[in-house]
Every structure is written in C-alpha cells, then in structure tokens.
Amino acid sequence: MLIRRVDIDAAQLGDPDAAVWGGAKAAAVSLVQAPAAMQPTRYIAAKWQNRPYGQAKSLAVKALRNAEQIAFRLEWPAKTKNDRRIENTDFPDAVAMLFPLSEQSPLIMGGEGAPVSLWYWRADHPARARNDVASGIGTSQVLDAESVAAQARHRDGHWAVVMRRALRPTAPMDGIVEFTGGQALRASFAVWDGGNLERAGIKAFSPSWLEMTLED
Amino acid sequence: MAMNEKNIIGRELEGTLHKPSRQLAMVFDLNKCLGCHTCSISCKRQWTRDEGMEQQWWAVVNTQPGLGTPKNWEHLGGGWDAKGEPRPSNIPTRDEFGDAWKFNKDEVFHGGKGKVTYLKPVTTKGEAPDWGPNWDEDEGGGEYPNSHFFYLPRICNHCTHPACLEACPRGAIYKRADDGIVLINDKQCKGFRFCMEACPYKRIYYNHVRDVGQKCIFCFPRVEKGVAPACARQCPGRLRFVGYLDDENGPIHKLVHKFKVALPLHQEYGTQPNVYYVPPLSPPSVDMNGRVDPSRPRIPLEYLEGLFGPRVKEVLALLEAEKAKKAKGQPSELMDLLIVYKWPNDIFPDFVRDPAEL
C-alpha cells in the first residue's frame, strides 16, 4: 500500500471525517482471534477458551502523509461504544499498530532482542495514543504518552480513529519508530472490544504484516 | 518482572511450586474478635486514602454466616480446582464490593434540612444503596433461640500458590523470596484485572484513577523495620499474631505446627493461604424449653468445617480441654499463648518496634 503525500494541514490530516480520507485507498486487513492457546497464563486460557472474543474480522487501514507528519486511519466494526473506565468491569475499546524495530521482530509483540514499537489508542483517552515498546508478550513498557495525537469517532457501529505523529521524532530514542520518505515499512494491528471485557491478549489481531511504502 | 523469567517465586514451573525461603504468616484467633473494625480503619488510614482508593478496604471483617465482602465472594470461583487447574471467575463490581458512599451532609448540616430529612448515604450513581462493604453485619444465621454469628477478619493471604500471581500476563505480581509477601508491581501492572478474577478470596481492588490493581501489602515498609502490620498492631483484641512459620520459638509456628489449632480458610481453593484461623467456640445449642444440648454448639460444626476443614472438631475439643485446665489452675502453654499476657512480645515478638520511634 502506498502512503500518499498530500498537501493539507495537520488538523485535516488528523480528522477521520476529513474529505482527504475519502480519496485515500483502504487496505482491508484480516483479523483473527488471538488464540486461547497463545495466552500467557493458564488462568486466561481457561477463562476464555470457550468464550467468543476477537470477533472483528477486518480492519480498514488508510494512511497519508504531509510534509512533516504521517497519519494512519483505522476503521473497524464495533457495535457498542465503550469509552469509560470507572466500574471494575469497564474496559474501553482500543486499537493498536505494531511496527517492527528490527529485521527479526515477530509480529506477535516482538521477542527478546527483537523489539517492536506500539501505537496504542484506547477510547478513554481519545485524543492521544500511547507509544509503547515491547520485546515479547507481557513486556510492553510505556515510552511516551503524548506525542502520537489521535482523533476518533464512533458512528453507525464503527470506530474510526486517526493516529498522527511527526515523521521524525524531535527526541529520537530506542523504541520510537522513524519514518523516512521513500522507505518501505510494515505494520500489524490489533483491536479490542471493551464491551466484551477484552484487554491484554484477549483481542483480535492481524496474523500477517501490512506492507506499505511511504511516498517521498 | 518480565513474563519470560522462569524463576518467579510462587509460580508453578514444570509442576513444581517455587517457594520463598521464609514465609511470614498471621494467625487470627476468632474467639477474641469483637468485630470492632479497628483493623479495617487502621489499614484504610495508612494505605487507602488516595483518589481512586475510596472503595478499597484491604482489611475487612465479615459476619459469618453472611455474604461478606464482596457480596457472595465464597461462591464466585477463582483459585485452583481439585486437579490444580485455574477456576474461572468474574471481576466483582464496585457495588458488589460495596462502593464508597457519599452522604448528604451539606443539606442536613448546612442546608437547613436537618428537621425534614436525615443523614443518609447515596451510591456513586446517586441512588440509595442496597449493598455495602459490611452490609450484613451482625445478621448471622440460624433460628431463635440458636441464632449465631461470629466475625471473620480477612486480608490478602499472601498465598504460597497465589492464583493472582499466576494469572497476570505481565508478571506484575511477585512473591518476595525472603518473607513470602505477595506484591503488585504498580509500574508493571496495566490494570488488566485478571488477578481480581483469579483470587478466590477476592481481596484485590481496582483503582480506576491509576488503572492498577491494589491490595494488602502486609505493611512491608513497617515489617522491614520491625514494626507490626497496622491491622495487627492496632487490634485491641490481641487476636492477630504475626511471625515466621519456621520460627519454632514464635507464636505462629506453635499455633500452626505445634498445637495445630490454626487452620487455613477454604483450603480447597488450593492457593495455600498464609493467614490462619483459630476457630470459634460457641455456647451449646438450646431448645425452646431452655434445655441445653452440649453435644451441639450454637455455631454448627458443619458450617465451621465448611470454612476451616475437617480438623475443626478436634481443634475445638483441644481448646475446651486447655481452657478447662486453666480454669482448674493447671498450666496450659496453649492458653497462655492465645491469651497474650504481654503485648507486643507475646503476639508478634519479631515486630515489637513502635512506629512513633522510627
């Protein structure tokens, strides 16, 4: 998928309903339930082995860039809007993108010595996504909670979320992914249905990489 | 602690339970508990006063028989089944724990309505509560003239095979090797709350402001300085013993291993709790004509066995026998141990420091 360069301001780039997104081509990313057998603890596997979860089948991904920023627009089916986190059983809806930081980084949350960078948006903090880094299941650490801006809306049983960030971070560091015009990049995705108490590995995820090229 | 570490104490690896080198434990003598709740309040004042902790009560005192805190916790699942497999459970809601109420103090005290309304609580949803953290206090069970209840103080049991620790996908819960205290690392915790499901005693709370799980910490900052946990030190009933299980000179070892009068609560949950209970004696049951039946205590034996296991009968018999010896002026090491003549040395000899002197 080509991430086209457009000459628009950040406000439009970041708005999931901006006209510019109408012209962008979507990639349909297939999602599957993260298997119960892959859950890292016996409790989680036992609790969820016979319960449906990760039922979103597909995520529509669009991506654009302008002179300085890159934005990913993610849209997926979500019957209910869950954006509150007060009751003990409240789990907000969420979506995440995973960028490999090394050649060997597996798309399943990375591995030892093969980290991944995660952009994690959750509906209780609708205006930003967290930038985490992980080297395997259960190891994610928050690096930065502010620099990925987000805008989201829930309508007609769908979430549409745009995550937007500077192409080159002002303070480059390990774990922060950098984007360079002309380069190839890949990402995988995950979606959580908060209304179904989904969190951690109880999610839908893409079992293959989405290959992209960033227009210069 | 990352999930790929293989040596997490309290976790089962290849069928073996990785145990701490020493284990701190508590024994609660239920013959002495008045249900005064000083323990609950001392813990609350010490640890759970911050925003997001309003509904947290790490130390509770439930009336038994009763539904307790959270409501009906004994039947919510969690822990391990007879085959050692995790038993699925659910996260109790704030209402089931008994949410933090607000009171209409303004209208009663300052709003001039003191004569037309009364001080009353409302839930966070603004409704009259129909459950609280100690709602069924003193209701008990049984039928007159044999109604009965006793108090059951409960904290995190700092289990040897903790279901919470094993449930956490981030390895955010760890058991200390030197003393067996089980703690949630609140930097590693992401508020997934599988621990809340897995704990069969339902002693973990959710802080929605910080998005982490929180629970009793065995007052480890006090314990590390030789000061007893707040709940134990403040207890006016002198019923909360604290010490190491392996210390043969200490009260814990004597009550649990020597005299064997301290029993685990719901051992069938499989978590190997390190808080033990001396079961309560009760007066004999009586019929409507006032005739006493000494063979049947007011608190039914079967009920106590359902809590503390099959040894209750022999433990109660031993307590009666030792009480009788003492009453006749004969010596009884067990009774002297339980009475706690000298405080704090007889009850937590390793933790006698006064926190005011630190």
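The values are calculated or read from the model by the stated rules, or taken from the named source; none is laboratory data. Quantities reported herein were computed from a predicted structural model and do not represent experimental measurements. Every residue, glycine as well, gets a Cβ built from its backbone with ideal geometry; the counts of neighbours run over all protein chains shown. Remember, those area values only see protein heavy atoms, side chains included, never the ligands or the DNA or RNA. Shrake-Rupley method; radii C 1.70, N 1.55, O 1.52, S 1.80 Å.
Which value, in debye to the nearest 20, describes the size of the charge dipole of the range B:199-358 about its Cα centre when Lys and Arg Cβ atoms bear +1, Asp and Glu Cβ atoms bear -1, and nothing else is charged?
320
Kindly rank B:220-233, B:330-343 from highest to lowest mean number of other beta carbons found within 10 Å of each residue.
Result, highest mean first: B:220-233, B:330-343.
Would any residue of the range B:298-314 have its amide N under 20 Å from a label point 7 Å out along Cα→Cβ of B:K260? List them or say none.
Flagged as within label range: B:302, B:304-314.
Toward the positive end of the charge dipole of the protein assembly as shown, about the Cα centre and with charges on Cβ (Lys, Arg +1; Asp, Glu -1), which of A:A45, B:A317, A:G111 goes farthest?
My answer, from the dipole projection, is B:A317.
Can you give me the relative contact order of chain A as a percent, contacts being Cα pairs under 8 Å and 6 or more apart?
With pairs under 8 Å counted, the relative contact order is 26 percent.
Please find the FRET efficiency linking B:E224 to A:T80, where r is the Cβ-Cβ separation and R0 is fixed at 60 Å, and quote it to the nearest 0.05.
Rounded to the nearest 0.05, the efficiency is 0.80.
Could you give the length gained by full extension between B:N249 and B:D130, i.e. 0.36 nm per residue of separation minus their alpha carbon distance, to one decimal place?
Length gained between B:N249 and B:D130: 38.1 nm.
Accessible area per residue for the range B:1-130 in Å², computed with a 1.4 Å probe and the full protein assembly in place, what is it?
Solvent-accessible surface per residue comes out at 53 Å².
Taking the Cα centre of the protein assembly as shown as origin and charging only Cβ (+1 Lys, Arg; -1 Asp, Glu), how large is the dipole, in debye to the nearest 20?
Charge dipole of the protein assembly as shown: 380 debye, to the nearest 20.
Residue separation times 0.36 nm, minus the C-alpha to C-alpha distance between B:K325 and B:R311: what's the value?
The B:K325-B:R311 span can extend by a further 2.9 nm.
Accessible area lost on pairing B with A, both sides, 1.4 Å probe, Å² to nearest 100?
Counting both chains, the buried surface is close to 2700 Å².
Debye calculation, C-alpha points only, no solvent: report log10 I(q)/I(0) for the range B:61-114 at q = 0.19, 0.23 Å⁻¹, in the same order as the q values.
-0.78, -0.90
Please work out, to two decimal places, the log10 of the ratio I(q)/I(0) at q = 0.12 Å⁻¹ from a Debye calculation in which every Cα of the range B:142-300 carries one identical scatterer.
For the range B:142-300, the Cα-only Debye profile gives -0.66.
In whole percent, what relative contact order does chain B give with Cα contacts below 8 Å and a gap of six or more residues?
Relative contact order of chain B: 23 percent.
Which value, in nm² and rounded to one decimal, describes the direction-averaged projected area of the C-alpha convex hull of the range A:111-158?
4.1
Connecting C-alpha atoms closer than 10 Å in a GNM of chain B, tell me which of B:D211, B:D136, B:D106 has the biggest fluctuation.
B:D106
Using the Cα atoms of the protein assembly as shown, I'd like the radius of gyration and the largest Cα-Cα distance, Dmax, both in angstrom.
Calculated on Cα positions, Rg and Dmax stand at 28.2, 98 Å.
Dipole magnitude of the range B:179-273 about its Cα centre, charges +1 at Lys/Arg Cβ and -1 at Asp/Glu Cβ only, in debye to the nearest 20?
340
Could you point to the residue in B:Y144, B:L358, B:L245 farthest towards the positive end of chain B's charge dipole, with +1 and -1 charges on the Cβ of Lys/Arg and Asp/Glu respectively?
B:L358
Per residue of A:84-92, how many C-beta atoms from partner chains lie within 10 Å of its own C-beta, taken as a mean?
Partner-chain Cβ atoms within 10 Å, mean over residues of A:84-92: 6.
For peptide B:192-203, compute the average count of partner chain beta-carbon atoms within 10 Å of each residue's beta-carbon.
Shielding by partners across B:192-203 averages 3.
Using +1 at the Cβ of each Lys and Arg and -1 at the Cβ of each Asp and Glu in chain B, identify which of B:H110, B:Y277, B:C164 lies farthest towards the dipole's positive end.
Projecting each Cα onto the dipole axis, the largest value belongs to B:H110.
To the nearest whole number, what is the average tally of beta carbon atoms from other chains within 10 Å of the beta carbons of peptide A:38-50?
6
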